[in-house]
Each structure stands twice: as structure tokens, then as C-alpha cells.
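The next block holds one structure in the form of C-alpha cells; read it before the comments.
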Amino acid sequence: MGTELKNLVIFGAKSIALGACLAIRELYPDCNVIGFMVSSMKGNAASLCGLPVRETVCYEDRNVPVLIAVPEDIQESIVDFLNHHGFHNIIRLDSLKESDLMSRYYERSGKFPGLRQNTAEIYMAKFYRDKPLQDTRMFPGWIKPIQAGASLTDVRVAELTDDTGENISHKNPNYCELTVLYWVWKNKLCSGGSARYYGLFHYRRFLDISDMDFIRMELDDVDVLLPYPMIYEPDIGEHHGRYLSESDWKSMLKALNELQPEYAERFQDILKQPYFYNYNLLVAKKDILKDYCEWLFPILQRTEELSMPKGSNRADRYIGYFGESLLTLYFMANDTLKIRHCRRIMLK
């Protein structure tokens, strides 16, 4: 379910529908559940959770989104039923989505703590000018939306914002999603966060990982999870040649030579190969991500100082692009880490 929904009808009037209504009220306060829909009133109360329960024929607005919250084995027939009555804006609450929704609800309420509650915290960067998603998707509770560049606007698109605690939120026009990674570094990794794994996703781009995958990662003692790399021809120089000026690239190389000369030497070989980690997406053990941030951000700050015009006088996302190059360098150079890969999903 997308948080951009303003009104919603829930099909069903029993326990699944009741739980969905309570969870949506708690997790998506801007989404207004206007009532419950049933094919027949037989066996159903006139109201549930303080909202009316009405038959399908009583709803005149055929464009209203309908969330099917009944047992999964009968949902296909409900879709056919709703289509027959002119409802086509339909969201199916399958068992996985229901489980994710209710685990987030119980996590928020503090009741019935989950077995894997402290395994992972993945921060999903959102920006106030992001276009609404066409795809509707529920995210598990360990994915935590956070607004990037929150200090630049009064508009709020997430409860968490990157302008609290120690932060560089004002640098978002150059750093992009890396202002969120900086916030995670300073306010979670350095401040006693209890999760074993931390990571960074975007609101449109994320790694295809489930609760079961985290169990496997723990059992296999995986250090880092990255997306399968993209391939460039003839080598990854094609990437920075497209997005970065030559003078900025020289500034970054100078910063790297000053601060991490061993990595600068290793970079020459890595630049000659075709594999590149795009988008600054990753999940890593807490200590490993902390080490990476301690390595990364001084290089980026020094690059800002050396580049012309300096970072404080521009807003062209160039530091975010450097983050991709440096992520590729760091994890390809640290090949003794136990690194695994998975699919990258991009939503419309």
C-alpha cells in the first residue's frame, strides 16, 4: 500500500480487515479508511472499528481504492467480483503483506515484540520533491523511511528526518541520499544502535531481501550485501565520464591520495574493470558500515574543499556520484569481507 493514498475502502469485515484498519490508522495517518465493504451483510455487523460496513452496491465511487483483506485463498474470486461491479483500483493484502503490515503495527505499539526485531535497520531515503509511486508496496518494519535534505524545506514526507542530531542535511543538493547515510553513521552506528545490520535504500530503489534472507545472512555470517554490479564498456571510467567533470574527478583522486594512498593505488586496477556498484545501496554489519563511513566521508569532505567551484557554491549531486565510485572501490578492495549480492528492485 502506498502512503500517497488519501482514501481507502477495506473489503472484508472480520479479523484480517480489522487488523488492517488499525495498522493503517497507526502507520499511515494521512490515509483515511472510509469504511468496510462486503458482498453481503449476512453474518456481518453494521459497523467495525467505528466505521460503517456496507455492501458493494452501496459504494457509488467506483474509483476509490479497495484493499482486499480476506483470506488469501478467496482473494482471486473477490477481484473478479469487484471488477464485475466496476471497481478496478484494487490492492490485495496477501499473507506476506499482511504479516509485514501487522509486524510493523505491533513494533510501533511496543506490544508483542518480534523475534527478529533487532536484526536490521535499513533507512530508506525520501525527498520532498519525489514523484508519487505508481507501484503500491508494503515495506517490512525494519525498513525505516527517512526524509533526506529535510533542513531545506518545511514539507515533511517521513516521520524521521536527516536534520536531527549530528547531520549534514543542508548538503543534500550535492550529497543526495548520502546525507541519510551520514545521519545513520553519526546517530545510529556511533550511538549504541542495537541492530546487527544497517543499510541504505531509496524510496524507488532497494535490495530484494526478506526476513528469511536476514536469517540466512546471520547463519552464514555475511558481512555485506550489495546489488549485483552494473557492467560498463570498456571499463567503469564510462560511468564517471558521463556524470562528473574531469576537474572534479581530479579533485577526488587528490583527496583519495592524501587521505587513503593505499586505496588510491588499488583504484587504478579497479578502474580498468567493467563492474560498478550504482546507487549507494547496501546492507552491512554495524561495525563494517561504521568503518566504511569513517573512511568515506572524510574523502568526500576533502573533495568538496578541492573542487572548483567548491561544494558550498553548487548543487549538482556530484558528491553522490562520487559515493558510488568510492563504494565500488572500498568493497572491491576489501575482498576478504564476506560479501553477497542480490537483486535490485526499482519501482515506478
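Points worth noting:
- The residues of the range 263-296 that are open to solvent by 30 Å² or more (accessible area, probe 1.4 Å) and closer than 16 Å to W183 by Cα, listed by number, are K286, D287, K290, D291, E294.
- Neighbours by Cβ (under 9 Å, 6+ apart or cross-chain): first from the range 177-193, in contact (Cβ under 8 Å) with a residue 60 or more places away in the chain; second of a type in the set (V, I, T) and part of a helix (DSSP H, G or I): L178/I319; G193/V184
- Of the criteria (1) surrounded by fewer than 13 Cβ atoms within 10 Å (Cβ to Cβ); (2) among the polar types (S, T, N, Q); (3) closer than 22 Å to W183 by Cα, which one S210 fails: (3)
- Meets criteria (part of a loop (DSSP other than H, G, I, E, B) and either of a type in the set (D, E) or open to solvent by less than 30 Å² (accessible area, probe 1.4 Å) (or both)) for D100: no
- The residue list G192, G141, G165 contains one member that is among the small types (G, A, S) and surrounded by 18 or more Cβ atoms within 10 Å (Cβ to Cβ), which is G141.
- Output for the range 1-10, where each listed residue is open to solvent by 40 Å² or more (accessible area, probe 1.4 Å) and assigned to a loop (DSSP other than H, G, I, E, B): T3, E4, K6
- Residues of the range 170-209 satisfying the condition of being farther than 15 Å from A284 by Cα and either assigned to a loop (DSSP other than H, G, I, E, B) or aromatic (F, W, Y) (or both): Y175, C176, E177, W183, S191, G192, Y203, R204
- Extreme residue, most open to solvent (accessible area, probe 1.4 Å), among residues of the range 213-226 that are out of contact with any Asp or Glu (no Cβ under 9 Å at 6 or more places or on another chain) and closer than 18 Å to L327 by Cβ: D223
- Single match in I34, I10, I24, I68 (criterion: under 25 Å from P132 (Cα atoms) and in contact with a Lys or Arg (Cβ under 8 Å, 6 or more places away or on another chain)): I68
- Screening D235 against (1) acidic (D, E); (2) assigned to a loop (DSSP other than H, G, I, E, B); (3) open to solvent by 50 Å² or more (accessible area, probe 1.4 Å) leaves a single unmet condition, (3).
- Within the span defined as the range 297-319, every residue fails to be closer than 30 Å to R216 by Cα, at pLDDT 95 or above, buried (at least 17 other Cβ atoms within 10 Å of the Cβ) and among the hydrophobic types (A, V, I, L, M, F, W, C).
- Residue match in the range 332-347 (condition: modelled with pLDDT of 95 or more, in contact with a helix residue (DSSP H, G or I) (Cβ under 8 Å, 6 or more places away or on another chain) and either crowded, with 18+ Cβ neighbours inside 10 Å or of a type in the set (F, W, Y) (or both)): yes
- Any hit, the range 252-262, residues being under 17 Å from F331 (Cα atoms), at pLDDT 95 or above and buried (at least 18 other Cβ atoms within 10 Å of the Cβ): yes
The values are calculated or read from the model by the stated rules, or taken from the named source; none is laboratory data. The structure presented is a predicted model; accordingly, all values stated were derived computationally and were not measured. So basically every Cβ, Gly included, is an ideal-geometry build from the backbone, and we count neighbours across all protein chains shown. When the accessible area is computed, the model is the full protein with side chains, heavy atoms only, and any ligands, DNA or RNA have been set aside. Shrake-Rupley method; radii C 1.70, N 1.55, O 1.52, S 1.80 Å.
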